[in-house]
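Since the structure comes first, as structure tokens, the remarks are kept for the end.
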Amino acid sequence: EVYKHHEQRRVCISRPKYREGRKAKAVKVYTINLESRYVMIQGVPAIGVMSELIQLCALYGAVEEYRPLDEYPAEEFTEVYLVKFQKLTSARAAKRHMDEKSFYGGVLHVCYVPEYETVEDARLKLQDRRRYVIRAVQNK
């Protein structure tokens, strides 16, 4: 099943001229519940480049585990991979830098997949966020 948050958004066309950056972007706000250490990478060419993909992911942080998602629907001649990072900040960086990037002739689409998290993963993520907010408030 393809969830709505896995779909790639179109570019925002209602943004005021003074707010436009150098690159046209879709506008999406992520809550802590939507972010995840798990990311799904779509659009990987089916030419056996899994090790190269994981090396690219490792540039943004330690990768705990990865596997191809054979059951997930993909475009013809492409593959979909699930990657679990050690830290949420690594997953954020990987998503920001790898999304819409050319990779061996294909264009990657990277999205968070919180549905693969366990209850313990979600609990740790929320506790970490709570500590961050408390620290930020105390430093003001």
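The values are calculated or read from the model by the stated rules, or taken from the named source; none is laboratory data. Model, not experiment: these values are computed from the prediction. FYI the Cβ positions are ideal-geometry reconstructions off the backbone, even for glycines, and counts take in every protein chain you see.
Report yes if some residue within the range 23-35 is modelled with pLDDT under 85, exposed (fewer than 12 other Cβ atoms within 10 Å of the Cβ) and either assigned to a helix (DSSP H, G or I) or among the basic types (Lys, Arg) (or both); otherwise report no. Yes - at least one qualifying residue is present in the range 23-35. Considered as a group, the residues in the range 38-78 that are touching a Pro at 6+ places or on another chain (Cβ under 9 Å) and within 29 Å of GLU120 (Cα to Cα) include one that is surrounded by the fewest Cβ atoms within 10 Å (Cβ to Cβ), and that residue is MET50.
Among the residues making up the range 94-110, those that are surrounded by fewer than 19 Cβ atoms within 10 Å (Cβ to Cβ) and not charged (D, E, K, R) are HIS97, SER102, PHE103, TYR104, GLY105, VAL107. The residues of the range 78-116 that are under 26 Å from ILE47 (Cβ atoms), in a loop (DSSP other than H, G, I, E, B), over 11 Å from the mean Cα position of the chain (by Cα) and not charged (D, E, K, R), listed by number, are TYR104, GLY105. Within the set of pairs 6+ apart or on separate chains, which have a first residue in the range 47-65 that is of a type in the set (Ser, Thr, Tyr), a second that is in a strand (DSSP E or B), and C-beta atoms under 9 Å apart? Between residues of the range 47-65 that are of a type in the set (Ser, Thr, Tyr) and residues that are in a strand (DSSP E or B), the close pairs are TYR60/PHE85.
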